[in-house]
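Report on one structure; see the data block that follows.
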Amino acid sequence: MLENARGKSCLAKIQWPPAVRFLVPAFANEQQSQIRRTLHPGSVSHPSPNPPINPSGAPGAIIGPVRARALALETGFTEAGLVSLPYPDTERDAERFAGWIGAGRAATMRYLQRVAEDGRLIRARVQTPFPWARSAIVCFASYGSHSEPLSIDETVEHQDSLTGLADQPVHSTTQEEGPSFSASANSPHLSSKELNPRSGWIARYAWSSRVDPSGKRVASDYHKVLLKRLKALESRLHEEFGTFESRAYVDTGPVVERSLAVAAGLGWTGKNTCLIHPILGSFGFLAVLLTSLKSSPKRQTPEVPDRCGSCTRCIQACPTHALATPYQMDANRCIAYLTIEHKGPIDESLMPGIGRQVFGCDICQDVCPWNSKSRRSGPIVIDPDLSPRPELINPTLDWMASLDEQSFERLFNGSPVRRTGFNGLRRNIAIAMGNSGDSRFIQWLANLADAADEGLRSAARWALHRLRALG
């Protein structure tokens, strides 16, 4: 997943009264129990999530990794770590980030290239935009699901189900796993009678949903969900440690979250450039709370060593060759960037590699052995605010193509998918149709061959040419 700037800094000013205490959510306790059961001698371990509370609560107290992690888990995060700022590898990581930017691999994401008055990249070092920061609590929220299909699975669809309407989504299922949700009027089961490539793929992180007070399942945006938890953590720290300066970010601030997460001992950077936790894998969100609190110089969590070894599965699997060099992702060729962040036409030479991905991409994570290991470790405990939304799992291209702009806004209100925009999603659908080899999509594409939106128009024409050439 790409690091995106989607908002402004958040400074918590609300303090909880002394009588208020957070309780660890039930699902978080279950997640921690699962992690501890999975650990074996020599694995990275963390202390108990419920150590005794420091009774002093004195302003200016030094925060330690045990307490920081405990408070983060209380607010609902799966895992967390504390890192002192600046951390020992700050300059190394800053040079790597600058080199990546200098090589032009950030594509059109200009916000990553912003520089300070001294000419240094703002994001390269936390101390550049936040000279007061002395520590960072880096939080990990898992969105993995062991029971759902993978983007690399073959799909099977019932021939007569490919006529979905906007209010009646139809879905593909995987050949091996079968339907992963309960049948209902709006989410019918499909039989496994015929192999078809006519489903699209929406990145797993964007499936997120929650059940609202009325009992209805609605879209949830991880930015808002996790920011709310960071704010609760922030308030809890103010209650315990007094007044201090802080900023809370979920993919929205001038920080490189992954580097901070590695320094905090949450995992290592894989060859696919994702953070890989040794137990949880890489399907997780990162949220960062910067503070002016000093952290304890002792008992800092050690960094997790790189365990990718000689494996190159992610590099070999990337269909657009965005991972030509290990640990270096070229956004210009990355499917996640192209289908979400990139506006306008997509280079036709990259369209075949995009395949059926209509929003984001999970390929380099789905082939990762560490995620396979995580899936084999047992059923994961689903975060109730980030649970999979059935209609977004292997949705058919027919159904997505049937959405008008009003339906798009209604379906994806509050969802990360909304970021790509209506025409952006239709552009991506057109490319997936061109890669499907299915002539039934020709009429829909022909209707968009003269669309006003250049990106949509170019994709529709490319797909039309491709399908007609197949006869």
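The values are calculated or read from the model by the stated rules, or taken from the named source; none is laboratory data. Everything quoted here is computed from the prediction, not taken from an experiment. When we count neighbours, we look across all protein chains shown, and the Cβ atoms used for this are built from the backbone with ideal geometry, even at glycine.
Each row is one residue, and each column tells you yes or no for (1) within 19 Å of the chain's Cα centre (by Cα); (2) among the polar types (S, T, N, Q); (3) at pLDDT 95 or above.
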residue	(1), (2), (3)
Glu176	no, no, no
Ser199	no, yes, no
Ala261	yes, no, yes
Leu266	yes, no, yes
Ile279	yes, no, no
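When you scan the stretch 211-292 for strands (runs of 3 or more DSSP E) that lie fully inside it, which ones turn up with 2 or more residues that are closer than 20 Å to Ile382 by Cβ and in contact (Cβ under 8 Å) with a residue 12 or more places away in the chain? It would help to see each step written out before you state the result.
Working: elements: 217-219, 246-249, 284-291.
Filter on the stretch 211-292 gives 217-219, 284-291.
Answer yes or no: is there a residue in the stretch 365-382 that is at pLDDT 95 or above, more than 25 Å from Cys139 (Cβ to Cβ) and surrounded by 17 or more Cβ atoms within 10 Å (Cβ to Cβ).
yes
Search the stretch 293-325 for residues being among the β-branched types (Val, Ile, Thr) and either part of a strand (DSSP E or B) or surrounded by 16 or more Cβ atoms within 10 Å (Cβ to Cβ) (or both), and hand back the single one that is modelled with the lowest pLDDT. Step through it out loud before you land on a result.
Taking the stretch 293-325 as the starting set, the residues that turn out to be among the β-branched types (Val, Ile, Thr) are 301, 304, 312, 315, 320, 325.
Keeping just the survivors that are either part of a strand (DSSP E or B) or surrounded by 16 or more Cβ atoms within 10 Å (Cβ to Cβ) (or both) gives 301, 304, 315, 320, 325.
Numbers: Thr301: 69, Val304: 94, Ile315: 97, Thr320: 97, Thr325: 90.
The extreme case among them is Thr301.
Residues in the stretch 70-129 that are part of a loop (DSSP other than H, G, I, E, B) and of a type in the set (Gly, Ala, Ser): how many? Please lay out each step first, then the result.
In the first step, residues of the stretch 70-129 are kept if they are part of a loop (DSSP other than H, G, I, E, B); the result is 75-78, 85-89, 103-109, 114, 116-120, 125-129.
Still in the list and also of a type in the set (Gly, Ala, Ser): 76, 103-104, 106-107, 116, 119.
The total comes to 7.
Output the residues belonging to the stretch 454-467 that are under 13 Å from Phe441 (Cα atoms) and out of contact with any helix residue (DSSP H, G or I) (no Cβ under 7 Å at 6 or more places or on another chain).
Arg461, His465, listed by residue number.
Check off (1) out of contact with any Cys (no Cβ under 9 Å at 6 or more places or on another chain); (2) within 24 Å of Arg333 (Cα to Cα); (3) among the hydrophobic types (A, V, I, L, M, F, W, C); (4) crowded, with 17+ Cβ neighbours inside 10 Å for Val126 and give me the number that stays unchecked.
(2)
From the set of residues in the stretch 212-250 that are touching a helix residue (DSSP H, G or I) at 6+ places or on another chain (Cβ under 7 Å) and closer than 30 Å to Pro390 by Cβ, which is surrounded by the fewest Cβ atoms within 10 Å (Cβ to Cβ)? Before the answer, list the steps.
Keep residues of the stretch 212-250 that are touching a helix residue (DSSP H, G or I) at 6+ places or on another chain (Cβ under 7 Å), which gives 219, 221-222, 233, 236-237, 246, 248, 250.
Among the residues that remain, those that are also closer than 30 Å to Pro390 by Cβ are: 219, 221-222, 250.
Working: Ala219: 19, Asp221: 21, Tyr222: 21, Val250: 26.
Ranking the candidates gives Ala219 first.
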